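One structure below.
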Amino acid sequence: MKSSLRILAALALLLLAACAPQQLVRNQGDAVSLAQQDAREKQLADADHWTLQGHLFVSNGQDGGSGNLTWTQNGDRYEFTLRAPITGKSFRLTGGPDGAVLDGLDGGPQSGPDAEALMRRVLNWDVPLSELRAWVLGLRAQGAESQLSFGDNRLPSSLLQDGWNVTYPAWDSTRQPPLPTKVFAKKPPFTVKLAIESWTMQ
């Protein structure tokens, strides 16, 4: 049961949001960098059908864990599958405007009106799902104030928003527009590191 809760905590931490951090170049960005980011955000504004696969590492400052992640977004509907590398045990969170369901618990599936309410009830986590949907694409989320810094590639290297520091150590610049391949998020004591192995955009 304890290992199950740790894996579930990993899933919850991801919803809040591998490899050693790299030294990031951070500057506030000139007009070219800001214009390029505005263009990226316009290009990806309607990107709501995609799948990413990768490796997730999380820590709450005391306990940590890792697993293989598949995240599929289909409009307002989502599916997260987290697989533990040693036990092979899987947890799956699915949902949309009509509610959310968490499968893989020892006591059977749990459901709630939405992912945020479900995670809050099951694990006592607050989950900014809509913000993470933007952050994982390298975008600023709507609503909350944000502060961007850029690297030498004129792509975001750091995003401060809603108390989280989201950093982008690596990008796939062969894609147009470019997409992150590493997304690290930190809001002490919580740390999330996501190494994205593949993006499938529809």
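Of all residues assigned to region 28-49, none qualifies as being in a strand (DSSP E or B), among the aliphatic types (A, V, I, L, M) and modelled with pLDDT of 85 or more.
The residues of region 117-134 that are closer than 21 Å to THR70 by Cα and at pLDDT 80 or above, listed by number, are LEU118, GLU131, LEU132, ARG133, ALA134.
Pairing residues of region 143-155 that are over 12 Å from THR167 (Cα atoms) and modelled with pLDDT of 90 or more with residues that are assigned to a loop (DSSP other than H, G, I, E, B) and basic (Lys, Arg), at Cβ distances under 6 Å and at least 6 apart in sequence or on separate chains, gives SER146/ARG140. When you look at LEU137, is it closer than 17 Å to GLY54 by Cα and at pLDDT 95 or above, yes or no? It is true that LEU137 is closer than 17 Å to GLY54 by Cα and at pLDDT 95 or above. Might you check whether a residue that is modelled with pLDDT under 95, part of a strand (DSSP E or B), within 15 Å of the chain's Cα centre (by Cα) and of a type in the set (Ser, Thr, Tyr) occurs anywhere in region 177-199? Yes.
When region 139-160 is limited to residues that are under 17 Å from GLY29 (Cα atoms) and within 15 Å of the chain's Cα centre (by Cα), the one that is surrounded by the fewest Cβ atoms within 10 Å (Cβ to Cβ) turns out to be LEU160.
The values are calculated or read from the model by the stated rules, or taken from the named source; none is laboratory data. Source: prediction; values computed, not measured. No Cβ is skipped: glycine too gets one built from the backbone with ideal geometry, and neighbour counts run over all protein chains shown.
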